[in-house]
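A short worksheet on the structure shown next.
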Amino acid sequence: MNIVEVEGLDLYYSEFHALKNISMTMRSHEVTAFIGPSGCGKSTFLRTLNRMNDLIQGVRITGKVKIKSQDIYESGINPELIRKEVGMVFQQPNPFPKSIYDNVAYGPKIHGIRNKADLDLIVEQSLRKAALWDEVKDHLKKNAFGLSGGQQQRLCIARALAVNPDILLMDEPTSALDPISTLKIEELIQEFKESYTIIIVTHNMQQAARVSDKTAFFLNGEVVEFGDTTQIFSTPTDQRTEDYITGRFG
């Protein structure tokens, strides 16, 4: 089933045409990776999928972005509700200056859950899903900034999962992490597709090959090629894709 359908998307930062006529569909319970050189539009496109670009002054978007058949840019759509369905994990771990517990409970509280037993359960389940519970269960009241970088990133994943999204966007989630932490996150991504649809931006082509079902190659704000990851990496149909994958540029 297609969960994301993008039709003729263009995005402008004032006069700069950053994304050009992008059309793409993404299926439920698959991992889709976006690859391409810096500044090619990968992260900008990722942020259109939960309206994070709304927060940037001078952005103009045309075309359609449908999540579960609903165009999220139609008038009257609440961006906060979109971001509940479409969670996001950023490049740098960005825990709130709160306790571990309060980081995870923050989203559910905003969406009206106040019962402590319910919050306790959500916090534990979310931390377990992010493979962090056993490491922090005795320190839930401690400040999240006391965690290592890899633990902080898994906490941010738990925070995103706590509001029970359908889709998880990950913007280079391992680029600031050591190899062991990176491996843990990649293992989580593989587990998560049982329950969520994952869309990941990565500069690491080996990572894209390891974790994704589909890969899109971006260049200068356009999608040059999009297809099964094995096909993109073994027999790309566009010379520019092959040049990028084989390291001739980028």
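Observations on the model:
- Condition check for F34: closer than 30 Å to K137 by Cβ and either out of contact with any Cys (no Cβ under 9 Å at 6 or more places or on another chain) or buried (at least 17 other Cβ atoms within 10 Å of the Cβ) (or both): no
- As a summary of the residue check, Q57 satisfies the conditions (1) crowded, with 19+ Cβ neighbours inside 10 Å; (2) assigned to a loop (DSSP other than H, G, I, E, B) except for the one numbered (1).
- Of all residues in segment 224-241, those that are buried (at least 17 other Cβ atoms within 10 Å of the Cβ) and in a strand (DSSP E or B) total 3.
- Taking segment 170-202 as the range and being part of a strand (DSSP E or B) and more than 13 Å from S212 (Cβ to Cβ) as the test, only D171 passes.
- Among residues of segment 117-146 that are within 28 Å of Q190 (Cβ to Cβ) and touching a residue at least 12 places away in the same chain (Cβ under 8 Å), those with a Cβ under 6 angstrom from a residue that is surrounded by 19 or more Cβ atoms within 10 Å (Cβ to Cβ) and basic (K, R), sequence gap 6+ or separate chain, pair up as A130/R154; L132/R154.
- Output for segment 151-176, where each listed residue is over 30 Å from S69 (Cβ atoms) and touching a Pro at 6+ places or on another chain (Cβ under 8 Å): Q152, Q153, L155, A176
- Enumeration of residues in segment 37-54 that are crowded, with 19+ Cβ neighbours inside 10 Å, of a type in the set (S, T, N, Q) and in a loop (DSSP other than H, G, I, E, B): N50
- Selected residue [farther than 13 Å from V4 by Cβ and at pLDDT 95 or above] from T48, T32, T62, T25: T62
The values are calculated or read from the model by the stated rules, or taken from the named source; none is laboratory data. Fair warning: this is a prediction, and the values are worked out from it, not measured in the lab. Note that we place each Cβ from the backbone using ideal geometry, even for glycine, and neighbour counts take in every protein chain shown.
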